[in-house]
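Quick notes on the structure that follows.
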Amino acid sequence: MTIRFRFFHRSYRGAFLAFSLFLILTAYKTYINPSYCSKGNLELNEIQQVIFAKVHKAASSTVQNILVRFSLSRELDVLLPKTGNHINEFRPEIDPTALIESPDGKFFDILCSHLVFDEEEIASYIPRYAFRFGILRAPLSQVLSALRFYSTFYLYPDTLLNAAMQKYAEDPVQGFLMHPEEFCDEKLKAHNCLFNNRMSMDLGLSPYGAHLLKRNNTEVQKFVAKIDRQFDLMLLFEYFDESMVLLRRYLHWEMKDVIYIKVNAAPYESKYVWNQTPTLNSNQTTKFQEWNAIDIALYDHFLAEFFRKIQGEYLFKDEVEAFKQVRQSVENFCQNESGAKNQVKRIRPNRWTTEFFVSFWDCQAMMLSEDELVELARSAQLARLKNAGRAFSRA
């Protein structure tokens, strides 16, 4: 009886989720899509072909949400796996049989799923002229966020991580800072090591031999220079609103296109060990700099580049402040006022945005989890594929 009830409960939840995603998708087609086809967007020649390098634990899911919503509003084709959230995880090769096809058999418009970035592999699916961008996070913050996440949700028996978490159960942060090598094997199982230069590996650094490369500053700088050449823009987790404004300007999008509500963000409890900013002594600082040398070099380079870019932007701080006010207003509406489906939030025009409206369905889409979001994008892609097949059969 218990098993039967659990099965029914899971089936009910699955059906309810599918129905909810169907309603959101229908709403986007019916109510949201026309509002985007504004004269302003057409005059600005907004960029619609976009490659986003989704790195682990750096607000990438929030950026992914923005890109998927953009794709739905324009009915663009998104490169997606048939199942799950990852196109690949530990190696750059893309398996075409694991992907949902493009409706016209041509290039896709947007890539925003997890994969190991490889310029040549991606060029088979997204045009080379597509705008490429990524996001980075301060390496210590990124590593501790990853450590918290994987030790909470993916703690398997007979792994180094599990053994280390048991050994340093009282203070895993200090345990990691003193003995990072006990938390993952950077030599024999480097591809599975999620706490050692993982941002660089997401951006295409081969995990094999990385433990040697990070000791060679010349090779590290070559890798950083390669990433600089391959990407048009690198956003920063610590300056997320500034990043959204800069992205909006580079892509010639509207403010509504980059409005967000944080997704996949861990709840904050000040006394919780993971939320306390550790103070590193000289030994810990040296050890972490050696352990995560490639990510540190990468972040330092793009931190300087980020500030160089925004210093050249006209009235940038003014737009950031305006964006923060609008974003907070939208978040308040979505979390407190949008219970009725006919409720709409009006954002008045100003120097930085045309007038736009935020509906109940906008809120629902912004608050989807990563799993729900990918499923929504997959449903839209499959629907376009089905419609394209019908059109072909009638031709």
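Considering the range 140-194 alone, what residues qualify as being closer than 25 Å to ASP300 by Cβ, among the acidic types (Asp, Glu) and not in a helix (DSSP H, G or I)?
GLU186
Cβ-Cβ below 7 Å, separation at least six or inter-chain, first residue in the range 290-319 and more than 12 Å from LEU246 (Cα to Cα), second charged (D, E, K, R) and part of a loop (DSSP other than H, G, I, E, B): which pairs?
Every condition considered, the pairs that remain are ALA293/LYS214; ILE294/LYS214.
Output the residues belonging to the range 61-97 that are of a type in the set (Gly, Ala, Ser) and at pLDDT 95 or above.
Passing the criteria: only SER71.
Restricted to the range 89-137, and to residues that are in contact with a strand residue (DSSP E or B) (Cβ under 8 Å, 6 or more places away or on another chain) and among the aromatic types (Phe, Trp, Tyr), which residue is surrounded by the fewest Cβ atoms within 10 Å (Cβ to Cβ)?
Looking at the filtered set, the residue picked out is PHE131.
Looking only at the range 316-345, which residues are of a type in the set (Val, Ile, Thr) and closer than 13 Å to ILE261 by Cα?
If the condition is that a residue be of a type in the set (Val, Ile, Thr) and closer than 13 Å to ILE261 by Cα, then VAL326, VAL330 are the ones that fit.
Can you give me the number of residues within the range 289-339 that are in contact with a helix residue (DSSP H, G or I) (Cβ under 7 Å, 6 or more places away or on another chain) and in a loop (DSSP other than H, G, I, E, B)?
Summing the residues that are in contact with a helix residue (DSSP H, G or I) (Cβ under 7 Å, 6 or more places away or on another chain) and in a loop (DSSP other than H, G, I, E, B) in the range 289-339 gives 3.
Which ones in the range 328-359 are touching a residue at least 60 places away in the same chain (Cβ under 8 Å) and either buried (at least 19 other Cβ atoms within 10 Å of the Cβ) or in contact with a strand residue (DSSP E or B) (Cβ under 6 Å, 6 or more places away or on another chain) (or both)?
Restricting attention to the range 328-359, the residues satisfying the condition of being touching a residue at least 60 places away in the same chain (Cβ under 8 Å) are 330-331, 334-335, 347, 352-354, 356-359.
Of everything in the range 328-359, those that are touching a residue at least 60 places away in the same chain (Cβ under 8 Å) and either buried (at least 19 other Cβ atoms within 10 Å of the Cβ) or in contact with a strand residue (DSSP E or B) (Cβ under 6 Å, 6 or more places away or on another chain) (or both) turn out to be VAL330, CYS334, ILE347, THR353, PHE356, PHE357, VAL358, SER359.
When you look at CYS112, is it closer than 28 Å to TRP253 by Cβ and either touching a Ser or Thr at 6+ places or on another chain (Cβ under 6 Å) or not aliphatic (A, V, I, L, M) (or both), yes or no?
Yes, satisfied.
Only residues that are among the hydrophobic types (A, V, I, L, M, F, W, C), more than 21 Å from ALA59 (Cβ to Cβ) and at pLDDT below 90: list them for the range 125-159, please.
LEU155
Residues being closer than 23 Å to GLN221 by Cα and either buried (at least 17 other Cβ atoms within 10 Å of the Cβ) or in contact (Cβ under 8 Å) with a residue 40 or more places away in the chain (or both): count how many of those fall in the range 280-289. Give the steps one after another, and end with the answer.
Initial filter on the range 280-289 (closer than 23 Å to GLN221 by Cα): 285-289.
Pick out the ones that are also either buried (at least 17 other Cβ atoms within 10 Å of the Cβ) or in contact (Cβ under 8 Å) with a residue 40 or more places away in the chain (or both) and you get 287-288.
Count: 2.
Which residues, counting only those in the range 208-252, are surrounded by fewer than 21 Cβ atoms within 10 Å (Cβ to Cβ) and not in a helix (DSSP H, G or I)?
TYR208, GLY209, ARG215, ASN216, PHE231, ASP232, LEU233, HIS252
Please name all residue pairs, on different chains or six or more residues apart, with Cβ atoms under 6 Å, provided the first residue is in the range 199-222 and is under 23 Å from ALA59 (Cα atoms) and the second residue is of a type in the set (Asp, Glu) and part of a helix (DSSP H, G or I).
That search, which allows pairs on different chains as well, returns MET199/ASP295; SER200/ASP295.
How about the range 74-98: which of its residues are acidic (Asp, Glu) and without any contact (Cβ under 8 Å) to a residue 24 or more places away in the chain? Step through it out loud before you land on a result.
Filtering the range 74-98 for residues acidic (Asp, Glu) gives 75, 77, 89, 93, 95.
Hit for the range 74-98 is ASP95, nothing else.
The values are calculated or read from the model by the stated rules, or taken from the named source; none is laboratory data. Predicted model only: the values in this text are computed from it and were never measured. Glycine gets a Cβ as well: all are built from the backbone with ideal geometry, and neighbour counts include every protein chain shown.
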